[in-house]
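The next block holds one structure in the form of structure tokens; read it before the comments.
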């Protein structure tokens, strides 16, 4: 206590002493206009300011043991010159600091603290980043995958039980001017042992970005995600689903677009011109997780422009404390085709994708309360007969440090609803309940597991899903994925044309396709 | 103490105007009283005020650099000494009259490369936090209540790493102690929020530069759970920044070392360009 007094007291006396020793100047000796790592940048800034204020600026060298900094300051100023300079600095939005030499010695931690009211930052000095950090060279990362899928049974059409594939994805990024301009390129390739259609390549991303303080523009193939729920991505319609990659709809094809995005006090506004259309990928005849009929490559479109139509999308989103809200509108060719049966030349039934034009207006919202998160997404959509609505919502609770361990456990409960009920031809989730548990061990290997079940409350068919992953070493990832389908009717023999229309047969084509997938990924 | 220059000026005016020896003496006596009274009011502070003052001073000395960029290496060690490493880059922006905005981007391990975490701290309200998952290109708002959860498998929780806002705690000055030859204030910090994982924290703050030297974290049952030792302070202009932080979990014997490198200050970061929900989805 008494020592505190001594220390505090000493400070007070020192300050008082200084105050008494020199009448407090209403101006500082000099004004500083920032510090630079590069002498050249400091000289440039000094030259610019000398012109701006009609006053010679000097560059002082500060060696703080760690490195050398070049500070741009005015020369010693009179009170008049000081106030003239600070006024014009404020007027032209240039930040400045006062550096009186006396003040500098008395208050070392404080000398540069008093700032102009204006929060406008001077043109940022071009700080040279280290090589490999995107300023001077491109960044590249490969990820290579080896994936095996083992199925519990032979397929309905006697497809094999084992499926082996390899994949490669490159991520290339190159930025200029502090990454305010950049190019991103992400090609993807998979080669599959069983399904020739699953051997496919895609440009996931190839776009140019131009970034300003309050807005940015991106031109090229890109991936955009919309939505909040865990097991169903209802409103995520910007990109086409790469269904052949995975049934969960989380893999997407690159969508060519021009995206304009702006950050405003009233939220973030994104406007998309979607240039051209990508068809959904479906497994081939030898593949698994496929419909009982072949899906033809040649799709039909409602739009006369077919794949060349330019679609439009707009989304606004904002948050306020624990609430987050997004509104969107999409006008264009639907990403979800209707599969229309027809007879091929050999009298085989085949399915032809038909892509209608839709107008979709929707919402996504989230709210947090304590450990709880509440989520909702939904839309109303025209184009599939009458306009209809669909909702997907639920809640999530996260428990930190379960059972005294360092693990987190998240509980997810969601419900999916489609106004059309049984007549909802383009989704399996029309009256379904999903329950999931996510475990994160928070260990070195970031071990995580998500176990879920999606249950149709009307027809009692369900799918159980497991997704787990664990890092091995620093550059490998082992992931495990499994799905079991049950409760649904098996495909009838012989197959009738109405199989896909009967609501109780909706998941019949999946009933033989329980599988376990093991994947190793190597990052280079 | 900020009044003193005003009084001093007033005294000069009085001298010029009144020119009366009695009044001059009175004014002098008054000034002398002020000078003597100020330190004694400092002595009369309650431990709570003292504690808060120390934190305010520490906060004052550690703010004003506008923005910074820094690189962070995390070394995670198991009780048996198995080590694991993460690399990330951090951008931070001071917001006048509100909490800092921080963007973290992961460079390593490779499977989480490109994952980004954005947080907007607030003086009183709950912090806003988002995570960007590059595989799905998904920006996910996350509940800031899960603050006790370990950050990237380390011994630092989200709470330990968040920029502490003065208003969110009560303080109490306890003692002064020598710590590794440095004389420190020992101040207790008590969270106002029930979401904190700790019942209390003990801070050792050095008396010379008001830098945090050591922190001890007490869990909900008041058991000493973790100790943070901060060292290798370096001076950058007017700011002292730590080069090394070592957090040891005294119960599990696991530890995490943070090595801070390449501090850069006042680089011209922009609130909307670099710290908006939009910027997290293009962070790299």
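Any read-out appearing in this document is the output of simple, stated calculations on the displayed coordinates, not a laboratory observation. These numbers come from a predicted model, not from an experiment. For neighbour counting, all protein chains shown are included, and Cβ atoms are generated from backbone atoms with ideal geometry for every residue, glycine included.
List of remarks:
- Take A:255-261, B:124-130 and order them by the average number of nearby Cβ atoms within 10 Å per residue, most first; the result is A:255-261, B:124-130.
- Rounded if a/c under 1.5, otherwise prolate or oblate - region A:252-384, Cα gyration tensor axes: prolate
- Span from the region A:36-52 Cα centroid across to the region A:388-445 one, whole angstrom: 56
- Rounded if a/c under 1.5, otherwise prolate or oblate - region A:339-414, Cα gyration tensor axes: oblate
- Centre separation in Å (Cα based) which lies between region B:239-282 and region B:137-179: 13
- Shape call, region B:60-280: gyration tensor on alpha carbons, a/c limit 1.5: rounded
- Solvent-free Debye scattering, log10 I(q)/I(0), computed from the Cα coordinates of region A:414-462 at q = 0.30, 0.31 Å⁻¹: -1.07, -1.11
- Separation of region A:151-219 and region B:89-117, taken as the distance between their Cα centroids, equals 26 angstrom.
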